[in-house]
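Heads up, the thing below is written out as structure tokens.
The values are calculated or read from the model by the stated rules, or taken from the named source; none is laboratory data. Note that this is a predicted model, so its numbers are computed, not measured. Here the Cβ is made from the backbone with ideal geometry for all residues, glycine too, and neighbour counts use every protein chain on show.
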Amino acid sequence: MTTINLTTEINATIEICFDLARDIDAHKLSTGKTNEKAVAGRTTGLCEEGDTITWEAKHFGIKQSLTVEITKMERPFMFEDRMVKGAFKSMKHQHSFEERDGKTILTDKFEYQTPFGIFGQIFDAFILKNYMKKFLASRNNVLKSMAEIK
């Protein structure tokens, strides 16, 4: 299991940050490099606990599909999505929010397992983990920009 922990400080209220992070349309804007789009389940608006979302995107030059379920939500402090179907062996992404000194601290805990045994582990160690860190950081920087102009 690989775990990526990422922290982003945002000059906006916790409510704005929480809602932007679970907004399907904001997600599309924040993942422009991979051209992500929601194609099934909830495809627009704010995701809620129990929702499923199927995303299509292009990663490593390959069109991929990932279906997640929003398994936990404690507004405005945390929500979690888990992979139902996709390229990972397993995947869980916890988005946590804490208000501190007039700012919001967004913490991502992204856990996943790669398929394909030792080959997946080697791919993860040399390529995937770094790719996912950059992907999440880029997404958070766009959300940060969006939240700070509201």
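For the range 53-85, enumerate the residues that are of a type in the set (Val, Ile, Thr) and within 14 Å of the chain's Cα centre (by Cα). Can you show your working first?
Initially, the range 53-85 is screened for residues of a type in the set (Val, Ile, Thr), giving 53-54, 62, 67-68, 70-71, 84.
Once the filter is applied, which keeps residues that are of a type in the set (Val, Ile, Thr) and within 14 Å of the chain's Cα centre (by Cα), the range 53-85 yields 53, 54, 67, 68, 70, 71.
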Could you list, in sequence order, the residues of the range 136-150 that are of a type in the set (Val, Ile, Thr) and either in contact with a Gly (Cβ under 9 Å, 6 or more places away or on another chain) or within 18 Å of residue 2 (Cβ to Cβ) (or both)?
-> 142
How do the pairs read when you match residues in the range 113-135 that are over 21 Å from residue 6 (Cα atoms) with residues anywhere that are surrounded by 13 or more Cβ atoms within 10 Å (Cβ to Cβ) and at pLDDT 95 or above, using Cβ under 6 Å and keeping only pairs 6 or more apart or on different chains?
-> 115/89; 120/114
What strands (runs of 3 or more DSSP E) completely inside the range 1-115 contain at least 1 residues that are at pLDDT 95 or above, surrounded by fewer than 16 Cβ atoms within 10 Å (Cβ to Cβ) and hydrophobic (A, V, I, L, M, F, W, C)?
-> 2-10, 37-41, 78-85
Residues of the range 1-51 being of a type in the set (Val, Ile, Thr) and touching a helix residue (DSSP H, G or I) at 6+ places or on another chain (Cβ under 7 Å), in sequence order, are 2, 4, 8, 10, 16, 31, 43, 44
Taking the range 138-150, which residues are buried (at least 16 other Cβ atoms within 10 Å of the Cβ) and either more than 11 Å from residue 10 (Cβ to Cβ) or of a type in the set (Asp, Glu) (or both)?
-> 139, 142
Give the residue that is farthest from residue 67 (Cα to Cα), with candidates limited to residues of the range 81-101 that are without any contact (Cβ under 8 Å) to a residue 60 or more places away in the chain and out of contact with any Asp or Glu (no Cβ under 9 Å at 6 or more places or on another chain).
-> 101
